[in-house]
Amino acid sequence: MDVRIEIAAPGGVDVAGLGGLLHACVMAGASVGFIAPFARNEAEAFWRENIAPRVASGAITLLTARTADDAIAGTAQLITAMPANQPHRADVAKVLVHPDHRRKGIARALMAALEAEARQRNKTLLTLDTRTGDAAEPLYASLGYTTVGVVPDYCIDAFTGALDSTTIMYKRLG
């Protein structure tokens, strides 16, 4: 699928588009910090209140994957605001692909762009976590991420209420 990867400018967060993406992903079972019931206005509020200010401050680099008709098909975040003793690293967060656009290489394209941006910012280590057993886990491994370990009972499943484990991973950038 042809998508273009963009980096959101400060003040350029598409709250409505990203809210629709987040809502669709959570309703499809994504474990990204929210539980059902989860309304679209809650998803939009997340982007407006939590992410947009951090993009504006430069703490987060927000990437979006847009289709030919300008719809948001995916997103990823590079969190670069780190403590003083960790200027060399960044966290990868909220890698989301709309359920209608999965298995088309969008997550891989987002990760490639995110890693390129990290290198431009002189980041040499990326860390992330993902729900153990999710489709993202083998994707990250195929991109060269190494598993550090699994934390049991880390988060609550959005629909069942069961406790899920998370896998912690890292990648050294050359």
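The values are calculated or read from the model by the stated rules, or taken from the named source; none is laboratory data. The structure presented is a predicted model; accordingly, all values stated were derived computationally and were not measured. Note: ideal-geometry Cβ built from the backbone for every residue, glycine included; neighbour counts use all protein chains shown. Each accessible area value is taken on the protein alone, full model and side chains, heavy atoms only, with ligands, DNA and RNA left out. Shrake-Rupley method; radii C 1.70, N 1.55, O 1.52, S 1.80 Å.
Scanning the stretch 34-50 for residues that are part of a helix (DSSP H, G or I) and of a type in the set (A, V, I, L, M), we see that the one that is farthest from G19 (Cα to Cα) is A45.
Within the stretch 82-113, track down each residue that is among the β-branched types (V, I, T) and assigned to a helix (DSSP H, G or I). Even if it seems obvious, please write down each step before you answer.
Here is the first cut: in the stretch 82-113, the residues among the β-branched types (V, I, T) are 92, 95, 97, 106.
Passing the criteria: only I106.
Hey, can you tell me all the residues within the stretch 114-135 that are open to solvent by 30 Å² or more (accessible area, probe 1.4 Å) and part of a helix (DSSP H, G or I)? Reasoning before the result, please.
Kept after step one, since they are open to solvent by 30 Å² or more (accessible area, probe 1.4 Å), are these residues of the stretch 114-135: 116, 119-122, 124-125, 127, 129, 131-135.
A116, R119, Q120 - these are the residues of the stretch 114-135 that are open to solvent by 30 Å² or more (accessible area, probe 1.4 Å) and part of a helix (DSSP H, G or I).
Output the residues belonging to the stretch 136-150 that are open to solvent by less than 50 Å² (accessible area, probe 1.4 Å) and either hydroxyl-bearing (S, T, Y) or in contact (Cβ under 8 Å) with a residue 60 or more places away in the chain (or both). Matches in the stretch 136-150: Y140, Y145. Any residue at all in the stretch 153-163 that is in a strand (DSSP E or B), of a type outside the set (D, E, K, R) and open to solvent by less than 40 Å² (accessible area, probe 1.4 Å)? Yes, the stretch 153-163 contains at least one residue that is in a strand (DSSP E or B), of a type outside the set (D, E, K, R) and open to solvent by less than 40 Å² (accessible area, probe 1.4 Å). Among the residues of the stretch 7-17, the one identified as open to solvent by less than 60 Å² (accessible area, probe 1.4 Å), touching a strand residue (DSSP E or B) at 6+ places or on another chain (Cβ under 7 Å) and either among the aromatic types (F, W, Y) or not in a loop (DSSP other than H, G, I, E, B) (or both) is G17. Among the numbered conditions (1) at positive phi; (2) out of contact with any His (no Cβ under 8 Å at 6 or more places or on another chain); (3) at pLDDT 95 or above, the only one that H88 does not meet is (1).
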